[in-house]
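The values are calculated or read from the model by the stated rules, or taken from the named source; none is laboratory data. Predicted model only: the values in this text are computed from it and were never measured. Glycine gets a Cβ as well: all are built from the backbone with ideal geometry, and neighbour counts include every protein chain shown. Accessible surface is based on the protein model in full, side chains and every heavy atom, while ligands, DNA and RNA are left aside. Shrake-Rupley method; radii C 1.70, N 1.55, O 1.52, S 1.80 Å.
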Amino acid sequence: MASSDISVDIRLDFNAFDHLPSMRYIATDRPWLKLYGIRVQPVPAFTSLSCKPDLALIHRCLPDELLFEIFTRMSPYTLGRAACVCRKWKYTARNPTLWRVACLKTWQRSGMEANYRMVRSLYDSSWRRMWLQRPRIRNDGLYVSRNTYIHTGVTEWRFKKTVNVVCYYRYLRFFPSGKFLYKISPDKVKDAVKCMHFRASKNDCVFKGDYVLSEDGHIELALLYPGHRYTLVRMCLRLRGTTIGANNRLDVLKILTTGVNATELRNWKGSILELVDGWEEDETHDPDVPAISHSRGLAPFVFVPYEEADTSVLNLPVEKMDYFVPG
């Protein structure tokens, strides 16, 4: 059979699709296709003189000299927050003069010449890097240690013994002069911050001591409890931070209490820390006050700035937060 003998009708019956609704096809606009083959010049930085970006209203009204003068009156942590506002503020906050003043003020006890030698030898002449990497104690707030323990009550009649969760705090406030204030109390942070100063009364139970910070981040503290028998408290802490340059944690390595001779203390003219320099852990100079190494109440200290004292989570009662993990 030849192929010409077969005929197939392949015509479509277009009338069969008349009952279908008409459809419109919308083409998607793709404007990025017009950028192919076009070189886009990057936006120059603010320090570049080739091109000046369109400044905001505050930058047009506020001269650079006045902006820098405002930044000189900011704390280093406020400078860090201001650097996140815009690019111009970021470059202004990177000015080495601002960080040199902050470093010399923080480590004023080391001396100006020692700080200049250290920034050249260890931090590539960058004062900002020295501020971030060198261990330092923060003075714009309190270090707070929240401690809790279980206390069993007394059995009354036929009822079972009650179990109480006791919460108390240790407070530390440091000063650049080498002095610190110490307070142990059940008061919340928002209440204790009001009396952590040198003008506190005896009823506030705020004690003054001396401290020294080593370059590896260890802190040695010593203070004297006045009373019928003098009790000397020594603490060894380790400084660390949750982020680079934060310095917002103090790990308690040891807390020691020991006795001191009243005659020796009366004739001593230096600081308390120099008095106990070289003492052993189990050494006491008063037979009635033995040397004790404490193993409780060693929760790490958490730094709380003054502006966050009223809103800190450490103010929560034990009913809402029975245990706090400092991190």
Pick from region 276-306, criterion in contact (Cβ under 8 Å) with a residue 40 or more places away in the chain and open to solvent by 80 Å² or more (accessible area, probe 1.4 Å), ranking: nearest to the chain's Cα centre (by Cα): Tyr306
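Right, Leu62: modelled with pLDDT under 85 and open to solvent by less than 90 Å² (accessible area, probe 1.4 Å) or not?
For Leu62, the condition - modelled with pLDDT under 85 and open to solvent by less than 90 Å² (accessible area, probe 1.4 Å) - is met.
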Region 258-275 residues that are farther than 12 Å from Leu223 by Cα and open to solvent by less than 60 Å² (accessible area, probe 1.4 Å), paired with ones that are at pLDDT 85 or above and assigned to a helix (DSSP H, G or I) (beta carbon under 7 Å, 6 or more apart): none
Residue count, region 68-88 (criterion: in a helix (DSSP H, G or I) and closer than 27 Å to Asn115 by Cβ): 12
